[in-house]
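Q: The structure under discussion is supplied below as structure tokens; questions concerning it will follow.
The values are calculated or read from the model by the stated rules, or taken from the named source; none is laboratory data. Note that this is a predicted model, so its numbers are computed, not measured. Heads up, the Cβs are rebuilt from the backbone with ideal geometry, glycines too, and the neighbour counts pull from every protein chain shown. What goes into the accessible areas is simple: the full protein's heavy atoms, side chains included, and nothing from ligands, DNA or RNA. Shrake-Rupley method; radii C 1.70, N 1.55, O 1.52, S 1.80 Å.
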Amino acid sequence: MVWIPGGTFLMGSDRHYPEEAPAHKVAVTGFWIDVCPVTNRDFAAFVEATGYVTVAERPVDPADYPGAKPDMLLPSSVVFSRTKARVDLRNHYNWWAYVRGANWRHPYGPASSIKRLQDHPVVHVAYEDAETYATWAKKELPTEAEWEFAARGGLEAADYVWGDELTPGGRQMANTWQGEFPWQNLREDGYERTSPVAAFPANGYGLFDMAGNVWEWTSDWYQEHGRIDSPCCTISNPKGADQADSLDPLQPHIRIPRKVMKGGSHLCAPNYCRRYRPAARMAQPVDTSTCHVGFRCISRDPTRDV
């Protein structure tokens, strides 16, 4: 872990997606944070020690999802499949599917394995899985503000964790999508899917993979930055919305609580989901795991022996 000193920073952005606005001043106190996302090797040690079974590996209670098709209630998780040609980007079902038997041990379906992916970020972890791991490790999940402060690496209001240019000098700085999503992956960064942690340069705080590779869970319930009462004033150690607020009255069709995830993933592309930036944020249902969502942990104990 690396110690991140407390400070004040400009959180969010007024230059990109609307959910990132308004940019507003936030103060956080110091904390330790994992240098890299939790890897398959790390998560396997946790499972071996505890016998934990992830959400994706459990059958679903039909009472929790009335009207769901029976095959949707079997242990499964969400997996990306590259399309063969251009498709309607408004319909994400063109490239996402629930795959029976997909989980952290089998990231692309039951026939796949993590045998050669020990140093890749663990994926197919729902929020409960990440939180349980953090508790076992005597750590916590970061708030959105803590995560973004750490990701910026000391750069105030920069577009990316390394500065304002996506590929400085033509260099790929993170595992993202090059080409036209979701059918043309040029792999200019060398990777089709996830990459080993620390395969790309660290940010100013010595942290790896704070952009791209996998999205990362935070502990904050999702709410719009636009609901901030006083964006002109500094907010100290914000904790995000409570669970009731996460059931958004402006979007009544959303009935499953959602947490904020940060950082973007290897599926973020210039033509779709330009969210490989520290200000970027997405709402993720707490019960849903996918092949491009992982996590890292923090500790707020300044005396922690790391």
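Q: Let me have the 222 nm mean residue ellipticity of the chain computed from DSSP H runs of 4+ only, each contributing -39500 (n - 2.57), with the sum over all residues rounded to the nearest 500.
A: -3000 deg cm²/dmol
Q: Would you mind telling me the share, in percent, of accessible area of the chain contributed by carbon and sulfur at probe 1.4 angstrom?
A: Carbon and sulfur: 52 percent of the exposed surface of the chain.
Q: Follow-up. How much accessible surface area, in Å² rounded to 10, belongs to the heavy atoms of Lys25 with a 1.4 Å probe?
A: Counting only protein heavy atoms, the figure is 100 Å².
Q: Roughly how many whole Å is it from the C-alpha centroid of segment 158-191 to that of segment 1-80?
A: Comparing the Cα centres of segment 158-191 and segment 1-80, I get a distance of 23 Å.
Q: Tally Lys/Arg at +1 and Asp/Glu at -1 over every other residue whose Cβ is under 15 Å from the Cβ of Leu74; what's the total?
A: Here the count lands on -2.
Q: State in Å² the accessible area per residue of the chain; use a 1.4 Å probe, count heavy atoms of protein chains only, and round to the nearest integer.
A: 46
Q: Same structure, new question: What shape does segment 143-185 take by its C-alpha gyration tensor, where a ≥ b ≥ c are the square roots of the eigenvalues and a/c under 1.5 counts as rounded, a/b above b/c as prolate, and the rest as oblate?
A: Oblate is the answer for segment 143-185, as a/c is 1.5 or above yet b/c matches or exceeds a/b.
Q: Sticking with this one: Find out how many positive minus negative residues lie around Cys36, taking Lys and Arg as positive, Asp and Glu as negative, among other residues whose Cβ is under 13 Å from that of Cys36.
A: With Lys, Arg at +1 and Asp, Glu at -1, the net is -3.
Q: Segment 73-138: Rg/Rh from Cα coordinates, Kirkwood Rh?
A: My calculation of the ratio gives 1.05.
Q: Could you tally the net charge around Tyr93, taking each other residue with its Cβ under 15 Å from the Cβ of Tyr93, Lys/Arg +1 and Asp/Glu -1?
A: +2
Q: P(r) for the chain, please, calculated from all Cα pair distances in 20 Å bins and given in %.
A: 33, 61, 6
Q: Using a ≥ b ≥ c from the Cα gyration tensor of segment 1-91 (square roots of the eigenvalues), is it rounded, prolate or oblate, where a/c under 1.5 gives rounded and otherwise the larger of a/b and b/c decides, a/b for prolate?
A: It is oblate, given that a/c is not under 1.5 and a/b is not larger than b/c.
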